[in-house]
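Asks: Okay, handing you the structure first.
Read-outs: derived from the displayed coordinates by stated rules, not from any lab. Owing to the predicted nature of the structure, the values given are computational and were not obtained by experimental measurement. Ideal geometry is used to build each Cβ from the backbone, glycine not excepted, and the neighbour counts take in all protein chains shown.
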Amino acid sequence: MRRGNREAEFTEFVEAASPSLLRAALVLLDSREDAEDALQLTLLRTYRRWDRAREAPAAYARAVLINACRERWRHRARHPETASDMESLGDTSSAEVISFAEAVDRRHVLVRVLRCLPDVQREVLVFRYLLDATVTETATALGIAEGTVKSAASRGLDQLRVLLSAQEKRGRRVHPR
Amino acid sequence: MSIHADDEFSLRIALEGELDDVLPRDGLAEVVIARYRRTRRRRVAGAVSLVVVAAGIGVPLGLSSPGGKPAPHTPGSRSDHAGSLPRQHAGPASFIGRQAGHLVLAPSTLSPAALASLTSANSFAIAA
């Protein structure tokens with residue numbers, strides 16, 4: 001394949017897919033800088049294997065993205081001094097985390113609630129509802145069974161509903177209408 | 001904000017609404033391609049320098065040789081070349097065979113008794 005052709009195809013893919021990949025990375029990780037790093041690493045690895053990835057670049061990039069995010073979690077676990085404010089709260093309850101995050105930034109409520117979910121549930125919800133991956137694609141990318149994807153999605157949505165309604169009640173108490 | 005009965009749809013809409021201002025920076029593809037080229041150049045340079053270093057170490061050890069010629073003999077290493085003599089000894093080798101003993105002695109140098117015992121033990125001709 002000619003280099004110019006390869007670059008043109010890749011550029012087109014980046015323009016189409018990078019916004020959703022960045023949003024997914026932002027939900028999976030906890031800072032914009034980390035998300036942008038993970039996105040750039042994902043695109044670099046995808047471009048390196050473009051001859052193979054070009055058949056289904058979105059699926060390939062999704063699988064690379066989740067690995068990049070997991071690498072960053074492992075790095076965080078080994079170097080806790082670089083952990084963000086959200087993580088440094090340690091074993092505080094989800095409600096406390098939400099209230100802390102709320103104090104920092106009142107926007108992105110749903111994103112912060114998603115970050116309180118267990119890793120598998122969060123990954124599944126991001127893949128299914130943010131990256132528009134099918135159950136099969138999600139299972140393949142995350143390396144889990146399709147049944148696990150379905151159950152994690154269902155439990156994740158239940159959990160999300162509970163956390164959001166708690167958040168809503170607290171908001172009403174703080175800001176009575 | 002609440003997730004309703006149609007959870008999948010409402011979650012997707014809610015996430016899109018929250019994150020619609022999250023956009024990657026412009027020219028991301030160019031940045032990635034430039035980074036890829038830089039990395040590849042560094043890799044190629046690393047591989048070339050590894051070959052150069054390996055050859056540089058290999059030549060003095062006799063493991064490889066410059067220009068494809070046979071490696072010179074170095075002490076301590078076994079090579080398949082035949083030995084050669086120093087220049088002053090060069091020339092056709094002569095066979096030194098055992099010849100019959102031929103000893104010429106002046107009769108005056110030995111006593112008669114010694115001369116008698118010598119001639120009985122060896123078959124020397126005595127030149128008078």
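Asks: From the phi angles alone, apply the Karplus equation (6.51, -1.76, 1.60; θ = phi - 60°) to region A:73-79 and give each ³J(HN,Hα) in whole Hz, x where the residue is Gly or Pro.
Replies: My calculation for region A:73-79 gives 5, 5, 4, 5, 5, 7, 10 Hz in order.
Asks: Mind checking B:27-35 for the average number of partner chain beta-carbons within 10 Å of each residue's beta-carbon?
Replies: Mean partner shielding for this stretch: 6.
Asks: Continuing with this model, one more query. Based on other C-beta atoms within 10 Å, arrange A:T42, A:T11, B:T39 from fewest to most.
Replies: The fewest-first ordering by Cβ neighbours comes to B:T39, A:T11, A:T42.
Asks: Need the C-alpha centroid separation for region A:25-54 versus region A:118-142, integer Å.
Replies: For region A:25-54 versus region A:118-142, the Cα centre distance is 16 Å.
Asks: At a 10 Å Cβ-Cβ cut-off, how would you order A:K150, A:K169, fewest neighbours first?
Replies: A:K169, A:K150
Asks: Here's a follow-up. Could you derive backbone 3J(HN,Hα) for region A:142-151 from the dihedral phi with the Karplus parameters 6.51, -1.76 and 1.60 (θ = phi - 60°), listing whole Hz in sequence and x where the residue is Gly or Pro?
Replies: Each residue's phi maps through the Karplus curve to give 8, x, 10, 6, 5, x, 5, 4, 5, 5 Hz.
Asks: Over 13 Å apart: what share of the alpha carbon pairs of region A:41-82 falls there, rounded to a whole percent?
Replies: Summing the P(r) of region A:41-82 above 13 Å gives 54 percent of all pairs.
Asks: What Kirkwood radius, in Å to one decimal, follows from the Cα pairs of region A:1-88?
Replies: 13.7 Å
Asks: If you take each beta carbon of peptide A:124-131 and count the beta carbons of other chains within 10 angstrom, what is the mean?
Replies: That average works out to 3.
Asks: Which whole number gives the average count of other chain Cβ atoms within 10 Å of the Cβ atoms across peptide A:150-157?
Replies: Mean shielding count: 1.
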